[in-house]
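**Q** Take this structure, written in structure tokens, and hold onto it; I'll ask about it next.
The values are calculated or read from the model by the stated rules, or taken from the named source; none is laboratory data. Quick caveat, the model's predicted, so the values are computed rather than measured. Because the Cβ atoms are built from the backbone with ideal geometry, glycine has one as well, and the counts that use them run over all protein chains shown. Surface areas here come from the heavy atoms of the whole protein model, side chains and all, with no ligands, DNA or RNA. Shrake-Rupley method; radii C 1.70, N 1.55, O 1.52, S 1.80 Å.
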Amino acid sequence: MKLALAQFGASSDKLQNLAVIRRFAEQAAKSGASMLFLPEYSMFYAKTNRHSLNKQAAEPLDGSFAAALGSIARQNSLWLAAGIYEQTDGLPYNTIILLDDAGTLRGFHRKQKLYDAFGYRESDECQAGDTPFAPVQTPAGRLGIITCFELRFPALAAAQKAAGADLLYIPAGWATGANKLLHWRTLLCARAIENSMMVLGVDQYLADCFIGHSAVFAPDGTVCGALGEGDGLLTITI
């Protein structure tokens, strides 16, 4: 079975982001992949004024952006997972949605551990979820999800394994900084080894913002495939 990971830098233009996702979906389908995994913030990313712009951009789980993703999933016969900002009465949730190849919403994860670290406060621009993701049966097995900063909390990955996950998807906007690439790769590998499951780390790439370097680690820590900087599609066979 083939899985595809799409690495790109999202902008504040939703239609532009959809166009990028559509191109990756078409490439993934041509490669024979059955699932396409996208980064955190795939729907929208504003470099400044995120407190107000995220609220303006946020949509419900059945909003127009999710509907467009569903259409892309159907047209390309792909399961598809991507990050959105989910609308609420207050600050939005940082949410990952999982759609099947019919475009139906099969699950969603609202990020619980917000990135209030290294001098940053994600809690100023979105609110935390309060429920872990319930793993979903997919063509590749039972899929677990944690998001970005949650990679730094081993118990969250272990809880996904305990709930029945066979593989773990970690969408991210992993910020640049000293040794951040080392942290990203080391922690992805550690979560794979300690839980004996495949880990899919799908990161954004934006120069001076997010590092890229999406990668897949096997349960024994072997690197199954990896990207560097820049946009790209990584296809692996499991």
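**Q** Identify all residues within segment 138-187 that are within 15 Å of the chain's Cα centre (by Cα), within 28 Å of Gly103 (Cβ to Cβ) and either small (Gly, Ala, Ser) or not in a helix (DSSP H, G or I) (or both); write none if there are none.
**A** Result: Leu143, Gly144, Ile145, Ile146, Thr147, Leu167, Leu168, Tyr169, Ile170, Pro171, Ala172, Gly173.
**Q** Those residues that are hydroxyl-bearing (Ser, Thr, Tyr) and under 16 Å from the mean Cα position of the chain (by Cα), I need them from segment 114-137; list them, please.
**A** Tyr115
**Q** Can you work out which of the residues in segment 42-89 that are within 14 Å of Lys14 (Cα to Cα) and among the polar types (S, T, N, Q) is most open to solvent (accessible area, probe 1.4 Å)?
**A** Gln56
**Q** Select from segment 118-128 the residues that are of a type outside the set (Ser, Thr, Tyr) and in a helix (DSSP H, G or I) and write down the one among them that is most open to solvent (accessible area, probe 1.4 Å).
**A** Asp124
**Q** Can you name every residue in segment 1-21 that is more than 20 Å from Tyr85 (Cβ to Cβ) and in contact with a helix residue (DSSP H, G or I) (Cβ under 6 Å, 6 or more places away or on another chain)?
**A** Ala4
**Q** Looking at Thr176, Thr186, Thr131, which is the one that is open to solvent by 20 Å² or more (accessible area, probe 1.4 Å), free of Cβ contacts under 8 Å to residues at least 40 places away in the same chain and touching a Cys at 6+ places or on another chain (Cβ under 7 Å)?
**A** Thr176
**Q** Looking at (1) open to solvent by less than 30 Å² (accessible area, probe 1.4 Å); (2) under 22 Å from Arg142 (Cα atoms), which is the one condition that is false for Ile21?
**A** Of everything listed in (1) open to solvent by less than 30 Å² (accessible area, probe 1.4 Å); (2) under 22 Å from Arg142 (Cα atoms), Ile21 misses just condition (2).
**Q** Any idea which of Lys2, Lys14, Lys30 is within 22 Å of Phe217 (Cα to Cα) and open to solvent by 40 Å² or more (accessible area, probe 1.4 Å)?
**A** None of the others qualify; the one that does is Lys2.
**Q** Follow-up question, since we're still on this one. Gly201 is checked against (1) surrounded by fewer than 22 Cβ atoms within 10 Å (Cβ to Cβ); (2) in a strand (DSSP E or B); (3) touching a helix residue (DSSP H, G or I) at 6+ places or on another chain (Cβ under 7 Å) and fails just one. What number does that condition carry?
**A** Only one criterion in (1) surrounded by fewer than 22 Cβ atoms within 10 Å (Cβ to Cβ); (2) in a strand (DSSP E or B); (3) touching a helix residue (DSSP H, G or I) at 6+ places or on another chain (Cβ under 7 Å) is unmet by Gly201, namely (1).
**Q** How about segment 204-238: which of its residues are under 18 Å from Ile21 (Cα atoms), assigned to a loop (DSSP other than H, G, I, E, B) and out of contact with any strand residue (DSSP E or B) (no Cβ under 8 Å at 6 or more places or on another chain)?
**A** Those that are under 18 Å from Ile21 (Cα atoms), assigned to a loop (DSSP other than H, G, I, E, B) and out of contact with any strand residue (DSSP E or B) (no Cβ under 8 Å at 6 or more places or on another chain): none in segment 204-238.
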